[in-house]
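Bear in mind these aren't lab numbers, they're just calculated from the coordinates by the rules spelled out. Keep in mind it's a predicted model, so treat the numbers as computed, not measured. In this analysis, Cβ positions are derived from the backbone assuming ideal geometry, glycine residues included, and neighbour counts consider all displayed protein chains.
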Amino acid sequence: MIVAGDSSPLGPPSSSASGADLPAPRPADLLAWYDAHRRVLPWRTAPGAKADPYHVWLSEIMLQQTTVATVGPYFQRFLARWPTVADLAAVDLDEVLKEWAGLGYYARARNLHACAKAVVSRHGGRFPADEAALLDLPGIGAYTAAAIAAIAFDRPATAMDGNVERVMSRIYAVTDPLPGSKPKLKALAAALVPEKRPGDYTQALFDLGATLCSPRSPRCVLCPWMAACRGRRDGLAELLPLKAEKAAKPTRRGVAFWLTNARGQVLLRRRPESGLLGGMMEVPSSAWEPGADLAYARALGWAPTAVNWQRLPGIVRHTFTHFHLELTVVRGHLDDDGTAVEGVWCAPADFHDQALPTVMRKVVAWARGGGKD
């Protein structure tokens with residue numbers, strides 16, 4: 001059993017287990033592997049070509065908490081509609097949210113639009129190359145700033161994502177658990193960044209973690225750093241990185257109100273700009289809290305209007321980063337056009353034009369199916 005903080009499965013390392021008997025990982029070896037095995041990705045330039053900072057930034061924002069396979073079509077659609085950062089800055093936020101729908105973490109879409117505007121207003125439509133200046137832009141954190149600086153401007157920056165953390169923890173057999181080990185892993189990674197081709201090196205690390213040094217069943221025999229890997233030598237590779245035990249996600253509950261009018265339209269409303277799913281459209285719902293039900297929602301006046309609400313069978317379930325959500329869907333009808341009710345009336349056929357997040361698309365499917373998937 002590995003005890004977090006030990007340097008080996010049996011406790012403190014001996015002098016032979018310290019890594020002194022292993023060669024140091026060489027960036028040149030990783031770059032040679034990358035030149036032969038680099039992934040072809042929609043946002044990646046051909047070998048030797050200069051990367052477009054707009055493409056790098058857009059892809060990195062989209063890739064946060066999202067898979068490469070999912071991001072590809074979104075990235076291509078965004079570029080087709082808004083070929084430059086100035087084009088993106090010029091459109092309404094609603095248009096961005098509509099194109100973003102399905103990618104989740106909608107604060108990223110709001111920050112994406114705000115950042116595009118800031119790049120245009122502060123920097124004349126050109127992304128700065130300096131990490132500090134990049135960090136000053138909306139929605140750009142330490143990782144994204146380093147990734148842009150390295151990949152787009154070939155600066156020797158240290159971009160730490162989950163792939164890089166996993167590679168470093170295995171190469172150096174770091175058994176301190178995440179997230180506490182992040183500073184140590186970043187220091188180890190920073191010491192390896194080469195002066196030449198730091199952009200390619202950064203992408204090589206991403207590819208290594210995504211294709212060979214994978215979370216499960218790493219393919220160590222194909223790794224260009226196999227001989228230097230202490231985790232492999234010590235039989236720990238597949239167990240690293242260790243992670244501190246996460247608290248169980250709580251469950252919140254709420255009620256979604258599916259209201260139709262005499263024209264067959266459905267009531268939607270926009271969520272507040274701040275907070276979860278800010279600025280997105282929704283089927284009106286109560287607060288999402290433990291124990292919420294229809295009586296609770298009515299008591300607090302969450303229902304959009306007073307009608308005969310009928311509960312649909314079953315529950316709509318969705319999981320966010322920090323909690324599970326269970327929504328009861330209730331259905332009501334107005335015999336008029338509903339102009340006195342606050343919100344936006346929309347025909348179901350036009351839902352695709354609305355910036356509906358995934359959880360609300362589930363509610364729509366549930367309501368239209370009468371409580372069935």
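What does the convex hull of the Cα atoms of segment 251-368 come to per residue, in Å³, rounded to a whole number? It would help to have the intermediate numbers written out before the result.
Working: hull volume 12.1 nm³, N = 118.
In segment 251-368, the Cα hull volume divided by residue count equals 103 Å³.
Amide H of L259 versus every other amide H placed in the peptide plane: which residues, excluding those fewer than 5 positions away on the same chain, fall under 5 Å?
Residues meeting the amide H criterion: L267, G332.
Please report the relative contact order for the chain, taking Cα pairs under 8 Å with a sequence separation of at least 6, and give it as a percent rounded to a whole number.
Details: 590 pairs, mean separation 61.2, N = 373.
Normalised by residue count, the contact order of the chain is 16 percent.
Leaving out same-chain residues fewer than 8 places away, which lysines sit with a Cα under 20 Å from that of K182?
In chain and number order, the partners are K243, K246.
Per the Cauchy relation, a quarter of the hull surface: what is the mean projected area of the convex hull of the alpha carbons in the chain, in nm²?
Working: hull surface 86.8 nm².
The directionally averaged projection comes out at 21.7 nm².
Using Cα springs under 10 Å in a Gaussian network model of the chain, which residue among A132, A349, A147 shows the largest mean-square fluctuation?
Of A132, A349, A147, the Gaussian network model singles out A349 as fluctuating most.
Determine the relative contact order of segment 28-101: mean sequence separation of Cα pairs under 8 Å and six or more apart, normalised by residue count, in whole percent. Could you put the intermediate results ahead of the total?
On the way: 25 pairs, mean separation 19.0, N = 74.
It comes to 26 percent, rounded to a whole number.
What's the percent breakdown of Cα-Cα distances in segment 322-373 across 10 Å bins, shortest bin first?
18, 49, 30, 3, 0
Between D21 and A142, what is the FRET efficiency for a Förster distance of 35 Å, r being their Cβ-Cβ separation, to the nearest 0.05?
Values: r = 34 Å, r/R0 = 0.98.
Taking R0 as 35 Å, the efficiency between D21 and A142 is 0.55.
Name the residue from C229, T319, L30 whose Cα lies farthest towards the positive end of the charge dipole of the chain, charges +1 on Cβ of Lys and Arg and -1 on Cβ of Asp and Glu.
The residue sitting most towards the positive pole is C229.
In nm, to one decimal, how far is the modelled label at A69 from the one at K182, with both set 7 Å along Cα→Cβ?
The two pseudo-label positions are separated by 2.8 nm.
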